[in-house]
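Presented below is the structure to which this report refers.
The values are calculated or read from the model by the stated rules, or taken from the named source; none is laboratory data. The model shown is predicted, which means the values in this text are computed figures rather than measured ones. Here the Cβ positions follow ideal geometry from the backbone for every residue, glycine too, while neighbour counts run over all protein chains shown. Ligands, DNA and RNA are stripped out before the accessible areas are found, and what is left, the full protein with its side chains, is counted by its heavy atoms. Shrake-Rupley method; radii C 1.70, N 1.55, O 1.52, S 1.80 Å.
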Amino acid sequence: MSDKRLALSFGRVAELYDRVRPDYSHASLDRAQEVLELDADAVVIDLAAGTGRLTHELAKRFARVIAVEPDDAMRALIADGVVVAGTAESIPLPDASADAVFVGEAFHWFHAPAAVAEIARVLRPRGGLALIGNQWWHTDPPLPDRALELLEVPFVRSGRADNVETWPDAFRGSPFEPLRDETFPSEVVVDANRLLDMYATTSSLAVLPAGERATLLRLVRPLLSGPYRLPITVELTWTRLA
């Protein structure tokens with residue numbers, strides 16, 4: 001299954017995605033704003049903005065936020081900032097027009113070399129880039145083995161299980177300083193229904209036909225009890241133009 005098809009699968013579950021995905025950590029956003037030296041007058045881009053959940057948080061902090069998103073269904077739910085259709089590889093904005101670019105849980109879907117070049121193009125001198133991701137896959141208590149087996153089938157079939165993250169390589173020799181990584185702890189407690197809704201918004205399930213996805217979730221639901229604590233690792237990767 002192509003990465004492009006998976007990357008554009010989230011529009012199938014746009015409203016659910018907007019409702020159930022974990023919020024973006026204020027601590028990670030505070031840190032990004034600090035290290036990228038952004039004041040309230042900054043112009044920032046939310047690249048691959050999805051349904052605008054990160055856009056909403058950025059709009060509380062900055063004077064002008066531009067949300068760039070390729071998927072029509074996802075883009076229709078963005079309620080903040082200036083919203084435009086576009087991709088990371090072809091950002092519909094002028095050269096040197098932004099102080100920073102933020103990417104929430106999406107950079108691994110980009111064609112990294114083209115995206116790095118485009119991001120550098122739209123940034124002003126010393127402009128910054130912040131990548132933020134929520135790693136929430138582990139549960140306490142663990143899911144029953146049979147539930148994990150059922151959920152693993154579409155994951156393996158999608159090809160995501162074999163994916164090796166190579167996107168950091170695209171920054172070598174780029175106009176950017178070396179990438180810097182930081183993590184922040186967070187957590188959320190959910191019931192079984194909310195947890196299954198969250199799984200339904202992952203690419204390997206979102207890409208399934210609606211009936212097949214519903215059947216899978218119906219098989220998994222009786223195996224779960226809950227509540228489940230999700231210890232979230234918030235990953236912040238940042239850099240600036242050299």
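Worth pointing out:
- One residue alone among E118, E57 is under 23 Å from E187 (Cβ atoms), part of a helix (DSSP H, G or I) and either in contact with a Phe, Trp or Tyr (Cβ under 7 Å, 6 or more places away or on another chain) or without any contact (Cβ under 8 Å) to a residue 40 or more places away in the chain (or both), and that residue is E57.
- Some residue of the range 205-220 being surrounded by 14 or more Cβ atoms within 10 Å (Cβ to Cβ) and in a strand (DSSP E or B): no
- Residue count for the range 118-156 satisfying the condition of being exposed (fewer than 14 other Cβ atoms within 10 Å of the Cβ) and more than 30 Å from E212 (Cβ to Cβ): 2.
- Residues of the range 87-123 that are at positive phi and under 17 Å from the mean Cα position of the chain (by Cα): E105 alone.
- Contact annotation: no residue pair with Cβ atoms under 8 Å, 6 or more positions apart or on different chains, pairs a residue in the range 173-190 that is without any contact (Cβ under 8 Å) to a residue 24 or more places away in the chain with a partner that is hydroxyl-bearing (S, T, Y).
- Filter pass, L224 being among the aliphatic types (A, V, I, L, M), open to solvent by less than 30 Å² (accessible area, probe 1.4 Å) and in contact (Cβ under 8 Å) with a residue 12 or more places away in the chain: yes
- Where a residue in the range 26-52 is open to solvent by 10 Å² or more (accessible area, probe 1.4 Å) and its partner, wherever it lies, is modelled with pLDDT of 95 or more and among the aromatic types (F, W, Y), with Cβ under 6 Å and at least six apart: A27/F184; V35/W238
- Any hit, the range 143-165, residues being outside any helix (DSSP H, G or I) and at pLDDT 95 or above: yes
- Search result, residues across the range 60-109 that are part of a loop (DSSP other than H, G, I, E, B), closer than 26 Å to E165 by Cα and open to solvent by 20 Å² or more (accessible area, probe 1.4 Å): P70, D71, E89, E105
- Lone qualifier among D18, D23 - being open to solvent by 10 Å² or more (accessible area, probe 1.4 Å), more than 20 Å from A98 (Cα to Cα), at pLDDT below 95 and not in a strand (DSSP E or B): D23
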